[in-house]
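The values are calculated or read from the model by the stated rules, or taken from the named source; none is laboratory data. Keep in mind the model is a prediction, meaning the values are calculated, not measured. For accessibility, only protein heavy atoms count, side chains too; no ligands or nucleic acids. Shrake-Rupley method; radii C 1.70, N 1.55, O 1.52, S 1.80 Å.
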Amino acid sequence: MHYFQNMNYGSYIPYRDIKNETLMIVKPFVNYGLTEAKFTSISHAMTEVAAIAYLLGKGYNPQTAYKLVESWEVNESF
């Protein structure tokens, strides 16, 4: 899983390119969800991606958010 370690999470910086910053952060997780949907249900994959995005919004770094959500799974279900 690729993520950007040097991003400044949780701090508002006026005039930054929030669109591209947001899309760069979520793109790997969207791609992950699309791949995951091939092996599980679309609902399951979207739930994972949404949970990861929620944790990112709460201030977790991307790798931790991904690992935490994956740790909640038991036999490909939550």
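The table below gives the values:
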read-out: Accessible area per residue, Å², segment 16-71 with all protein chains present, probe 1.4 Å; value: 62
read-out: For Lys67, solvent-accessible area (1.4 Å; no DNA, RNA or ligand), Å²; value: 120
read-out: Accessible surface, 1.4 Å probe, highest first, among residues Tyr32, Tyr66, Tyr54; value: Tyr54, Tyr66, Tyr32
read-out: Calculated from backbone phi, Karplus (6.51, -1.76, 1.60) coupling profile of segment 40-54 in Hz, x at Gly/Pro; value: 10, 8, 5, 4, 4, 4, 5, 4, 4, 5, 5, 5, 4, 4, 4
read-out: Fraction of accessible area attributable to carbon and sulfur, segment 16-71 (%, probe 1.4 Å); value: 63
read-out: Residues with amide H under 5 Å from that of Thr40, placed H, sequence gap 5 or more; value: none
